[in-house]
1. Tell me, yes or no, whether segment 19-39 has at least one residue that is among the β-branched types (V, I, T), under 26 Å from the mean Cα position of the chain (by Cα), within 19 Å of G201 (Cα to Cα) and crowded, with 16+ Cβ neighbours inside 10 Å.
2. Sort through Y533, Y577, Y548 and tell me the only one that's aromatic (F, W, Y), crowded, with 17+ Cβ neighbours inside 10 Å and within 28 Å of L476 (Cα to Cα).
3. Could you check segment 244-267 and list, in sequence order, the residues that are of a type in the set (D, E) and more than 13 Å from the chain's Cα centre (by Cα)?
4. Taking the condition of a type in the set (D, E, K, R) and within 24 Å of N492 (Cβ to Cβ), does D319 pass?
5. Being modelled with pLDDT under 95 and farther than 28 Å from H428 by Cβ: is that true of R178 here?
6. So which residues in segment 426-451 are in contact with a Gly (Cβ under 7 Å, 6 or more places away or on another chain) and buried (at least 17 other Cβ atoms within 10 Å of the Cβ)?
7. Hand me the list of strands (runs of 3 or more DSSP E) wholly inside segment 388-440 holding 2 or more residues that are modelled with pLDDT of 95 or more and farther than 20 Å from H166 by Cβ.
8. Going by what's in this entry, would S512 be described as over 28 Å from the mean Cα position of the chain (by Cα), in a loop (DSSP other than H, G, I, E, B) and surrounded by fewer than 16 Cβ atoms within 10 Å (Cβ to Cβ)?
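The values are calculated or read from the model by the stated rules, or taken from the named source; none is laboratory data. Bear in mind the structure is a predicted one, so any value in this text is a computation, not a measurement. Ideal geometry is used to build each Cβ from the backbone, glycine not excepted, and the neighbour counts take in all protein chains shown.
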Amino acid sequence: MNEQWILVRKGGDYVKMGKNLGVSPVVARIMKNRGLEDVEEMKHFLEPSLCDMHSPKLFKGMNILVKVMTERIKAGAKIRIIGDYDVDGISSTYILYRGLTFLGADCDYRIPHRVNDGYGINIRLIDEAHADGIDTIITCDNGISAREQTEHANDLGMTMVITDHHEVPFEIIDGEKRFLLPNADAIVDPKLPGDTYPFSGICGAVVAYKVILELAEAMGREGEPEFKVLMSELTENAAIATVCDVMELKDENRAIVREGLKLLRRSKNMGMRALIKANGIEDKALTPYHLGFILGPCLNASGRLDTAQKAMELLLCNDPQLAEAKAVELKEINEKRKQMTLEETEKAIDQVLSKGEIDKVLVVFLPDCHESLAGIIAGKVRERFSRPSFVLTRTENGLKGSGRSIDAYDMYEGLTAVSEELSKFGGHKLAAGISLSEDRLESFTKKLNDNCSLTEDDFKEVVKIDMELPLQYANLDLCNDLEKLEPCGTGNERPLFARTNVTFISGRRMGSSGRAAKYRVTDEGNKVYEVTYFGDTDAFEEYVKSVYGEEKAILLHSDMLVNISLDICFQVGINTYRGTESAQITMKYFR
């Protein structure tokens, strides 16, 4: 139990707000909890629209990019897109490729190989482009750190255009940040110092999407019906990338994901339809969960265990049978990835526990782990120990790895402070990629922790509770009202409620693995409710044992009277069984 429960308390006349908005006071309160301060903001939140998206003209470097790219397109110059191998990189590449070819560009694309090339553009890719007669390179979802590579392209007489969304590298001189920008012909990145774009929390695919919108307007083609159809399809890719790159579902991201989910249900992309079918979700009401945990990982897996080229080929496929075969292949690759991840995660957790005292920043070395899995495993280690976590593996060129952080620790700044230990690093506050020589592993780990100022309180998971709610109000009417807050995800989490002194009458495990359970409970009066739990049922038993003794722990899942009282945090949603809808209460935390 390493959690800190916090009840969010923000004042407001929720009854009045609810009446003005046509929602319940509960929904009005939750929107206030999400940082929405007035009714006008809340209206936009409840009815997000692509029409309200920020103008691409607001990017600091967009006018220069448009000038450079329109000249190159009109001159018939050969253009090469260089993306990245994750979902955001694949989606960005696809968006630029489809958009630029529609606008008449002579272009192709390359996606770096995760193992052979590593993250982002490199000298080999530039030399290859030059040898192929490429005049202009445009990056997506990478490039903001490519100072050396950009200089090399300049020396070869090539035009270099960068579109990215990552943090700009910097160095500290006399206590001040000095940003290290590549000397490109044009740069569009919402995180550029002094950028005027109103919302910096967009992914690389959305940056690419905005680039195509602005180029089309500059070339007088934004009003063509064919272009509108194209951008409608590309909204799907921007939505998938937004969710899979863990962008907050706020501001224009909310409109992109909401519209993208609608479009995906009737996607015109043959490859995407095949992938949806291969995963058996063609009849489901798609949510961010399906993007982040089903479709996205299949696209991602190609870049992890094989080549992201396979994902691009699927998205560009126009043959139904071939699309079906490619979709099945990606699903199979992802199943293999999941099994490998499970095995290596167990090793990582064992390694942390075997050291006794747990570091503030965890650095796990798995020499034989496939390097593409490092980020996923780092995320699972972070979840297990509530600490910033790096997972490193051995490669031909030294150690490579990925890190995943907690809210209290800026991982990019932490790495900047020990950059002398690293061959290469990049990323942002919550995630990073690193390379270093093996003989630096011990000193890197020590310096990283010596420079870390996290306290024990920082390692506690903060559980933000929207409001206390008696179980009698967790009904179908509330579920339908909460649907108005969708899509929920990062930055707009599903509402979380709490109830104290809930009596657990009896319980039983569900499913063949027993990793889920259902309980009969009551909180007041004589009414009995069902509560479902999809967490660690063994850990729940251990907690009950620690508080109420072994006898009660044995009874907890025996379907016999257990009669214990706990505080719970829960979510409510609609459960459909044989055509009948009912409210489902799902326990998330207990104490």
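1. So far as segment 19-39 goes, no, none of its residues is among the β-branched types (V, I, T), under 26 Å from the mean Cα position of the chain (by Cα), within 19 Å of G201 (Cα to Cα) and crowded, with 16+ Cβ neighbours inside 10 Å.
2. Y533
3. Those that are of a type in the set (D, E) and more than 13 Å from the chain's Cα centre (by Cα): D251, E252, E259.
4. no
5. Against the criterion (modelled with pLDDT under 95 and farther than 28 Å from H428 by Cβ), R178 does not qualify.
6. Matches in segment 426-451: G426, G427, A431, A432, G433, I434, S435, L436, L448.
7. Correct list: 389-395.
8. Spelling it out, S512 is indeed over 28 Å from the mean Cα position of the chain (by Cα), in a loop (DSSP other than H, G, I, E, B) and surrounded by fewer than 16 Cβ atoms within 10 Å (Cβ to Cβ).
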